Number of protein chains: 2
Amino acid sequence: MTQVSPLAPPHFPELPEVPGARLVVVRAGYKDWGRADLTLAELAPGTCVAGVLTRSRCPSPEVDWCRSSLSGGKARALVVNAGNSNAFTGGKGRAAVSAIVEAACAALGCAEQEVFVASTGVIGVPLPVDRARAGLADAFARLAAGERAGWQDAAAAISTTDTFPKGSSRQLAIGGRTINLVGIIKGSGMIAPDMATMLGFIFTDAAVDARFLQSALEEANARTFRCITVDGDTSTSDTVLVFATGAAGNAPLDEASADAASFKAALADLCRELAQLVVRDGEGAQKFITVAVAGAEDDRAARVIALSIANSPLVKTAIAGEDANWGRIVMAVGKAGEAADRDQLAIRFGSTLVATEGHAVEGYDEGPVAAHLKGREIEIGVDLGIGPGRATVWTCDLTHGYISINADYRS
Amino acid sequence: MTQVSPLAPPHFPELPEVPGARLVVVRAGYKDWGRADLTLAELAPGTCVAGVLTRSRCPSPEVDWCRSSLSGGKARALVVNAGNSNAFTGGKGRAAVSAIVEAACAALGCAEQEVFVASTGVIGVPLPVDRARAGLADAFARLAAGERAGWQDAAAAISTTDTFPKGSSRQLAIGGRTINLVGIIKGSGMIAPDMATMLGFIFTDAAVDARFLQSALEEANARTFRCITVDGDTSTSDTVLVFATGAAGNAPLDEASADAASFKAALADLCRELAQLVVRDGEGAQKFITVAVAGAEDDRAARVIALSIANSPLVKTAIAGEDANWGRIVMAVGKAGEAADRDQLAIRFGSTLVATEGHAVEGYDEGPVAAHLKGREIEIGVDLGIGPGRATVWTCDLTHGYISINADYRS
């Protein structure tokens, strides 16, 4: 990993074990790097799974595989390859996924539909099947020998251009039992909604009905992973999967459970933190930006406007330059195409109102705004003043670092 | 002007006079710079006008004024202010436009609807009315004294961050008479379709029916100004106006004229060159990129996909890095949301096919592609392979120069 993002948390958190999920990492050698790049999670029989996947019309064969397998709702294994996304590799790419699925099925004696695969890295180069097979054999042998990877090791092994490993957890009590939710995630560039470009994996020992798990994840996704953007670019490989092993022994959760709402809230809260960690590792990011839009026609319009601001290169470079150029926010509101009344619009940086009713506030003092913009955590508030719609999205600034990383990615 | 874009033409072209249009430039002092920043064009009685304006929901009062005045179809004056866009300035901004219109009407004895105003520059600061009035009085005095500005002077006076003045012309014979079309344009950043962020003014001595002129401009706009993008950001001030003075004395052109098609073609051709000149002055641009999409479901889908590629920061930084990272083109096709079949997709750089039927071509040799990418003029070709839809758009690469210019615009 290169220089750690200045927006990274001070250290990787302490994360609890999730009974029913056993992880191991190995070096398959997908790239010429001296680190683990294949992660295997073996999941207890009966584990339920839910997932959300990229909306790209050119998805990787892994995404196709996961999408069709999710209908079964059950999982016994997750295999994550880093360094090669296997996307846009035609029949060879599909064959690589099949080979991984077959090898895992043979080792675990499970159905093909119970094996989930995700890959991340360069597009257009078929995943080398021999390395995947050898790596997976090594991983199962280590698991059998009692080796276990910690969450930090797994978070590092699924990374590519990330500058720090990302993970978090939540605990809650359900029916007198303590339930753990642990998530790890990777993502740094090619981050955009529909959904955020990333691989994310959440493990819980709760027993959860698969359909309920899917709807809880989709609800959380709409307010978290779909609300972050680094560069507006959507990956071919976006995948977030949640595995519920049931090892906690609670009565399976469903929509009717007394604890349904608190489980959903904990899952959404974890997703929000994971999503924000990805933005904090945005390529070249120096500032974490929260864009809060209120007063729009409805929540959908508010989200479109918030993303128009968050994806604007002119807004993002102004923040990078610590420049209170709120005219660019007016521009981004205007281009969003949603209902807006120029003469009702209010804009703030941090807690300072800079414009209201279509013009700069009387006696506007740029001092407190300039001070706010010098910090690492920037807030942009927009009130359209025409309706009840609200949305919050998160992004980072656009800096020379982004250009340097992406103009020279493959060399 | 700072360092001239490496993509600029070698020199400003020789442009003919357009009888019926008299231009003058003066220094109103909208910014503290030692150059002319107010341009006045006086147009002969009977001049017809057509225009296309920004689709921003937060347009400047100038845009509002032009939109409502275009319904009259007649023009006697154009006033262009540079250095201050007067956008998002509330009642003060509207008052500034009114003051300019009143002053021009008084000088020319024309109707308010016959005066067109455009302003470009920083957003959120009301245009100083006293400077506008004084500048305009100076301009009319100079005109009366016989002073005339050349096209290059006018192109320079309407500029802001542009690094070179932009103009071009076309001539055609209509009914035995030679007709001139001359256009000047400014634009460099905040360039996106709907429509390209710029001010452009075209003058012709042809006599043209106002409704025909409007439909000819809209047709041209769809294939030219709406097909360029620098950063995907849409200005609050986009304005392109065409003035037809009628001084050539031809029988007025309309849809039924024998020469209608050739006039439309000449206008569209001029618009295309002006639009491309803006891209060639894209902020920080080092390479001019043509994105040609074929085989899409229909032309609309092709344009959406072409713009998704042209607006992708990852594609644009790869080109800046002279990196044949065609996987990012797959990504941009996938995120566009239009119909695509990963396994039918073909991609070329210049004349070299790099991927076909969903995977890299056998024995792909990056040599000729690397050589193409070292040039200034880059071509990206995408064939979706599923339909007859075609579109071509133009953009530039995303470089450190863009960041430097925009992180420090106001200081």
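The values are calculated or read from the model by the stated rules, or taken from the named source; none is laboratory data. Keep in mind that what you see is a predicted model, and the values were worked out from it rather than measured. Neighbour counts are summed over all protein chains in view; Cβ atoms, including those assigned to glycine, are modelled from backbone coordinates with ideal geometry.
For every residue, the table says whether it meets (1) more than 14 Å from chain B (Cβ to nearest Cβ); (2) at pLDDT 95 or above; (3) within 24 Å of the chain's Cα centre (by Cα).
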{"position": "A:G90", "(1), (2), (3)": "no, no, no"}
{"position": "A:A95", "(1), (2), (3)": "no, yes, no"}
{"position": "A:S98", "(1), (2), (3)": "yes, yes, no"}
{"position": "A:C105", "(1), (2), (3)": "yes, yes, no"}
{"position": "A:L108", "(1), (2), (3)": "yes, yes, no"}
{"position": "A:Q113", "(1), (2), (3)": "yes, yes, yes"}
{"position": "A:F116", "(1), (2), (3)": "yes, yes, yes"}
{"position": "A:T120", "(1), (2), (3)": "no, no, yes"}
{"position": "A:G124", "(1), (2), (3)": "no, no, yes"}
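Scanning the stretch A:151-165 for residues that are part of a loop (DSSP other than H, G, I, E, B) and in contact with a strand residue (DSSP E or B) (Cβ under 8 Å, 6 or more places away or on another chain) turns up A:I158, A:S159, A:T160, A:D162, A:P165.
Within the stretch B:66-88, the only residue that satisfies the criterion of being within 14 Å of chain A (Cβ to nearest Cβ) and either out of contact with any Ser or Thr (no Cβ under 8 Å at 6 or more places or on another chain) or more than 21 Å from B:G124 (Cβ to Cβ) (or both) is B:R67. On the stretch given as the stretch B:98-122, residues that are more than 15 Å from B:A75 (Cα to Cα) and buried (at least 24 other Cβ atoms within 10 Å of the Cβ) total 2. Is the stretch B:387-408 home to any residue that is within 14 Å of another protein chain (Cβ to nearest Cβ), farther than 23 Å from B:R280 by Cβ and in a strand (DSSP E or B)? No, that holds for no residue. Determine whether B:D254 is of a type in the set (D, E, K, R), in contact (Cβ under 8 Å) with a residue 12 or more places away in the chain and crowded, with 24+ Cβ neighbours inside 10 Å. When the stated conditions are applied, B:D254 does not pass them.
Just checking, which of B:A318, B:A306 is crowded, with 17+ Cβ neighbours inside 10 Å, among the hydrophobic types (A, V, I, L, M, F, W, C) and more than 11 Å from chain A (Cβ to nearest Cβ)? Walk me through how you get there before you give the answer.
Details: B:A318 fails: more than 11 Å from chain A (Cβ to nearest Cβ).
Going through B:A318, B:A306 in turn, the sole match is B:A306.
The residue that is surrounded by the fewest Cβ atoms within 10 Å (Cβ to Cβ), among those in the stretch A:47-60 that are under 20 Å from A:I185 (Cα atoms) and not hydroxyl-bearing (S, T, Y), is A:R55. Taken over the stretch B:322-360, the criterion of being out of contact with any Ser or Thr (no Cβ under 7 Å at 6 or more places or on another chain) and away from chain A (no Cβ under 11 Å) is satisfied by B:R348, B:F349, B:G350, B:S351, B:T352, B:L353. Does the stretch B:328-337 contain at least one residue that is touching a Gly at 6+ places or on another chain (Cβ under 6 Å), crowded, with 24+ Cβ neighbours inside 10 Å and modelled with pLDDT under 90? No, every residue in the stretch B:328-337 fails to be touching a Gly at 6+ places or on another chain (Cβ under 6 Å), crowded, with 24+ Cβ neighbours inside 10 Å and modelled with pLDDT under 90. Among the hydrophobic types (A, V, I, L, M, F, W, C) and within 30 Å of B:D281 (Cβ to Cβ): which single residue out of B:A340, B:A355, B:A370, B:A346 fits that description? B:A370 is the lone residue from the list that is among the hydrophobic types (A, V, I, L, M, F, W, C) and within 30 Å of B:D281 (Cβ to Cβ).
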